[in-house]
Structures are given as C-alpha cells and as structure tokens.
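Notes to accompany the following structure.
The values are calculated or read from the model by the stated rules, or taken from the named source; none is laboratory data. Source: prediction; values computed, not measured. Heads up, the Cβs are rebuilt from the backbone with ideal geometry, glycines too, and the neighbour counts pull from every protein chain shown. SASA here: full protein model, heavy atoms, side chains in, ligands and nucleic acids out. Shrake-Rupley method; radii C 1.70, N 1.55, O 1.52, S 1.80 Å.
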Amino acid sequence: MAEDVFKALADPTRRRILDELVKRDGQTLFEICARLVAGPGPGLSRQAISQHLAVLESAGLVTTRRQGRYKFHDVNTEPLERIVTRWLRPDAPESTP
C-alpha cells in the first residue's frame, strides 16, 4: 500500500491536484479542472486530470462520493498517517556502548 502512495505522489500533476483539494475539499472534476487551468503550470486536459484523479483514488489519497449526477472528490490523509505513524514508532531500544 505504501508503494502505491509513493508512486501516486511522485507525479507533480498529482501533487497539484492534491494541493487544490486541500485548499477546497469536495470539488467536482469540472471545478478542479477550472482551478488548475487558471493557475500557473502546464495546461492539463480534463481527461488527463481525470486519469490522475483515478490514480490518486486507487492509492487511497482521494475519495469520491456521488450526490445526484455529480461526483465530489475529497482528500483522504489516512494512507499518509499510517506511513508517518510507522516511521515515528520507536523500534527496539538502542543499546549504548
């Protein structure tokens, strides 16, 4: 699972999408596209953003909920919290010479 998270975060476009969702959670694909196109950086097509969202969703970093005919995307930090918790957990006590 951690490998999927690292692979998803390796792409700068996916990180831009996550940054956008952190600013305003619960956005539709149309809203995300409008904000990314208006901001700095390379232009992205709707299809490319949709594919990046799918990768983020499969890694567990984005959740999607449907309300009527709209799909809303939310950030899910749980996979990151599990990774950080694993690294912050003390291992066996170090022995001193």
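Restricting to the stretch 21-44, name every residue that is within 18 Å of Thr77 (Cα to Cα) and open to solvent by less than 20 Å² (accessible area, probe 1.4 Å). Outline the logic, then answer.
So the first thing to find is which residues in the stretch 21-44 are within 18 Å of Thr77 (Cα to Cα), and the list is 21-27.
Leu21, Gly26, Gln27 - these are the residues of the stretch 21-44 that are within 18 Å of Thr77 (Cα to Cα) and open to solvent by less than 20 Å² (accessible area, probe 1.4 Å).
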Qualifying positions in the stretch 48-83 - under 21 Å from Asp4 (Cα atoms) and of a type in the set (S, T, N, Q): Ser50, Gln51, Ser58, Thr63, Thr64, Asn76, Thr77
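When the stretch 7-20 is examined, which residues are found to be open to solvent by 80 Å² or more (accessible area, probe 1.4 Å) and farther than 15 Å from Ala54 by Cα?
Here is the first cut: in the stretch 7-20, the ones open to solvent by 80 Å² or more (accessible area, probe 1.4 Å) are 7, 15, 19.
Within the stretch 7-20, Asp19 is the sole residue that qualifies.
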Residues being open to solvent by less than 30 Å² (accessible area, probe 1.4 Å) and either touching a Phe, Trp or Tyr at 6+ places or on another chain (Cβ under 7 Å) or on the phi < 0 side of the Ramachandran plot (or both) - total across the stretch 53-64: 5
